[in-house]
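The values are calculated or read from the model by the stated rules, or taken from the named source; none is laboratory data. Note that the coordinates shown come from a computational prediction; the quantities given were computed from them, not determined experimentally. Using ideal geometry, Cβ is built from the backbone for each residue, glycine included, and neighbour counts are taken over all protein chains shown.
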Amino acid sequence: VNEKRSSFDVFQSEFDYLCRTLRRLGVRPADVEDDVQEIFLVLDRKWAEYDPSRPIRPYLFGIAFRVVASRKRRLRREVSDAVDEPIASTPPPDEVLETVRARKLVVQALERVPLPRRAVLVMHDIDEIPMREVARTLSIPLFTGYSRLRKARKEFEVAVLALRTHAVES
Amino acid sequence: MKRAPAEPTSPEIERLLAAERDVPAAAPDLKARALEHARVAFLARRAAPTPTLVRSGRPWAVAIAAAMAVATISFAALRALAPSAVVPAPSSTNQQNASPPAPASNTAGTKTETLGPREQIRNDPPPSGSSTGSAAPRRSPATDAHAVELAILQRARAAVASARFSAALEPIAEHQRRFPNGLLQEEREALRVKALAGLGETEAASAAARRFREKFPNSVLSPRLEAGTPKAP
């Protein structure tokens, strides 16, 4: 039982991470608020089951992933209002803008990777969570985790190239 | 980072992924709203047994509606803060069986929605032969603390609502003493402003309002507070 740190404390301190994770998982900006609230309800309900010796972010990612997957199953659709947004090909005026563009490109490219593989890619290559923990969080065999990662990296790279090309052409 | 035994990624992809690793801050207004909703839901679960929720398209909205039905201190504070509102104190301190609020009582400007036909909250009946009280779930020390916080501020809220402003200061002081950083400190400070304003302590009310704004810059209570606080000469 986590008496010292409440579910609300965790939700508050990891709020930015949760919102970004939802975007990485393909949630539209307009739906982030609904989904982040749903994450809190799940987190609060299951808080007594959380093992505080485990890192919190993989645990939160697992909840976020299930919320997003559940929504996807429910709605049978996954859309993004940013998919066709071109990436500017002109040189950035400063480093900040470059970072913003890079983030946008990452989110758009991630949307082209199927959700189960995208989750592995985000957890491992962005959140830098060890593969064993990734597999545990997503309830998949370790081998499947590596297999998904390999495919996801290829898909992601192809998506980045396609988006870059699209930007240059437009 | 030690790479997993998969195909290596190109330097460009590595740079992109690295840029994404720093988490940007969420929009402040989104954060303020979401945290306030979460806080109310958090308190509700600790103040009353969890109602059984019928699934809907927006389960969190249903839960927040339930939250409003059982742990309404935030919204009670808002009602108390309304410039012309002198609402009667609740006839019973047991809020657990309260009905979901009517739309008009949703004064917080939140996204909480009225329950539709598919979004009914079902409070499971107590076991036959048992009293309502005997069916209460086991509570943790933290849960008890939240319940005590609620009870203290309910007294303050009721006093403010019935224009007994000096009577409100005692529970406010008690809450300050026992829970200086409690979950309901925001509501406590809002009630303090209202009580001081009601007593005609204009300068003290303005100072308290200023401190409130500094400490809770994104509070949903701020607009009401602003409207109901007299300006210090």
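Scan the stretch A:44-65 for residues that are at pLDDT 95 or above and facing chain B (nearest Cβ under 9 Å) and the total you get is 0. Against the condition modelled with pLDDT under 85 and either within 15 Å of the chain's Cα centre (by Cα) or farther than 17 Å from B:Ala19 by Cα (or both), how does A:Ser80 come out, does it pass? Yes.
With respect to the conditions (1) at pLDDT 90 or above; (2) within 10 Å of chain B (Cβ to nearest Cβ), A:Glu98 lacks only one, and its number is (1). Listed by first and then second residue, the pairs with beta-carbon distance under 6 Å, at least 6 apart or on different chains, first residue in the stretch B:17-37 and within 27 Å of A:Leu121 (Cα to Cα) and in a helix (DSSP H, G or I), second modelled with pLDDT under 90 and not acidic (Asp, Glu), are B:Ala19/A:Thr99; B:Ala19/A:Ala102; B:Glu20/A:Arg103. Within the stretch A:109-160, if we keep just the residues that are in a helix (DSSP H, G or I), away from chain B (no Cβ under 12 Å) and among the aliphatic types (A, V, I, L, M), the residue that is surrounded by the fewest Cβ atoms within 10 Å (Cβ to Cβ) turns out to be A:Leu115.
Here is a yes/no grid of residues against (1) within 18 Å of A:Asp127 (Cβ to Cβ); (2) part of a helix (DSSP H, G or I):
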residue	(1), (2)
A:Lys4	no, no
A:Asp9	no, yes
A:Ile39	yes, yes
A:Pro52	no, no
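Scanning the stretch B:176-197 for residues that are small (Gly, Ala, Ser) and over 13 Å from B:Ala208 (Cα atoms) returns a single hit, B:Gly182.
Cβ-Cβ contacts under 6 Å between residues 6 or more apart (or on different chains), taken from a first residue in the stretch B:198-210 that is surrounded by 15 or more Cβ atoms within 10 Å (Cβ to Cβ) to a second residue that is not charged (D, E, K, R) and not in a helix (DSSP H, G or I), are listed as B:Thr202/B:Pro230; B:Thr202/B:Ala232; B:Ala205/B:Thr229; B:Ser206/B:Ala232; B:Ala209/B:Thr229.
Rundown of residues vs (1) in a helix (DSSP H, G or I); (2) modelled with pLDDT under 85; (3) farther than 23 Å from A:Phe8 by Cβ, yes/no style:
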residue	(1), (2), (3)
B:Glu170	yes, no, yes
B:Ala173	yes, no, yes
B:Gln176	yes, no, no
B:Ala190	yes, no, no
B:Lys194	yes, no, yes
B:Ala197	yes, no, yes
B:Ala208	yes, no, yes
B:Pro217	no, yes, no
B:Pro223	yes, yes, yes
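Give the stretch A:11-58 a look and list any residue that's among the aliphatic types (A, V, I, L, M), in contact (Cβ under 8 Å) with a residue 40 or more places away in the chain and surrounded by fewer than 21 Cβ atoms within 10 Å (Cβ to Cβ), or say none. Within the stretch A:11-58, A:Ala30, A:Ala48, A:Ile56 qualify.
Any idea how many residues of the stretch A:23-34 are within 21 Å of A:Ile126 (Cβ to Cβ), of a type in the set (A, V, I, L, M, F, W, C) and more than 10 Å from chain B (Cβ to nearest Cβ)? Qualifying residue count for the region: 2. The residues of the stretch B:178-188 that are outside any helix (DSSP H, G or I) and of a type in the set (S, T, N, Q) amount to a single one, B:Asn181.
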